[in-house]
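S.K.: A single structure is presented below for examination.
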Amino acid sequence: MTDDGLSADSSNGFDGYKFRVVLLGEAGVGKTSLVRRYTESVFEESYKQTIGTTFANKDVDITDQDGSNRKVRLNIWDMGGQSTYRELRRQFMKGASAALIVYDVTRPETFMAMNNWFESFREVCPDAPVMICANKVDLAKDRMVPLQPGQMLRDWFQSEYHETSAKTGENVADVFTRCAEALLQKALGEGKSPLA
């Protein structure tokens, strides 16, 4: 793994680009559910607190700007949102290629905490792309954070904004695909090969 979070894993036959993506956000916003929906196509109704950090891998084929098909492996780290894991998170953020910062549209306090998550990630990874996930949009009748504040956050962070539902799967694959595309484009723009 290089300092910029890019590495290639040829030990198990994977010869494409490999990027580490961290999921950040308050406890209970649905980070684990997003990862499980994306990597396993499952959703569990019951909430299980993430203890420390868990991770999953997903291999995707991404078409680059020249129309070539590239293999990309996302190594997705799901970080526990509790304040007790602050230092642990900081260690795991080091070298990350990108972050998905998640809030729950039914809980305004999780939206209010977004800047803290963004700043703590930027301290460790100043140049890595950030994606914002407004999660739990399936709970429309309980929604308390409308679209406009999320779009303001997008402009403030200069990042992409996605409305997702881990329960229904809405836009979940899209946000991870966009992340993979952005990371591949960045790596190719910097002239990095899969084995860099």
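S.K.: Report the Cα-based extents of region 6-189 along its three principal axes, largest first, to the nearest Å.
M.R.: Extents along the principal axes, in whole Å: 44, 34, 33.
S.K.: With both partners inside region 6-189, how many of the DSSP beta bridges are antiparallel, as a percent to the nearest 5?
M.R.: On the way: 13 of 34 bridges.
Antiparallel bridges: around 40 percent, rounded to the nearest 5.
S.K.: Using a 10 Å cut-off on Cβ atoms, rank the peptides 185-192, 97-104 from the highest mean neighbour count down.
M.R.: Values: 185-192: 14.0, 97-104: 26.1.
Going by the mean number of other Cβ atoms within 10 Å, highest first, we get 97-104, 185-192.
S.K.: Now a separate question. May I ask you to evaluate 6.51 cos²θ - 1.76 cosθ + 1.60, the Karplus curve with θ = phi - 60°, for each residue of region 144-154 and list the ³J(HN,Hα) values in order in whole Hz, giving x for glycine and proline?
M.R.: Taking θ as phi minus 60°, the curve returns 10, 10, x, 4, 4, x, x, 5, 5, 4, 4 Hz for region 144-154.
S.K.: Okay, moving on. Taking amide H positions as placed in the peptide plane 1.01 Å from N, state which residues far from Val102 in sequence (5 or more) or on other chains have amide H under 5 Å from it.
M.R.: HN-HN under 5 Å from Val102: Leu24, Gly25, Cys133.
S.K.: Also, I was wondering about something else. As a quick test, which of the pairs Lys31/Lys141; Lys31/Lys94; Lys136/Lys186; Lys94/Lys136; Lys18/Lys136 have an alpha carbon distance above 24 angstrom in this structure? Mind dumping the intermediate values first?
M.R.: On the way: Lys31/Lys141 21 Å; Lys31/Lys94 19 Å; Lys136/Lys186 30 Å; Lys94/Lys136 28 Å; Lys18/Lys136 28 Å.
As for pairs spanning more than 24 Å Cα to Cα, those are Lys136/Lys186; Lys94/Lys136; Lys18/Lys136.
Bear in mind that the values in this text are calculations on the coordinates, not laboratory data. What you are looking at is a predicted structure, and each value in this text was computed from that prediction instead of being measured. All Cβ positions, even for glycine, are placed from backbone atoms using ideal geometry, and neighbour counts span all protein chains on display.
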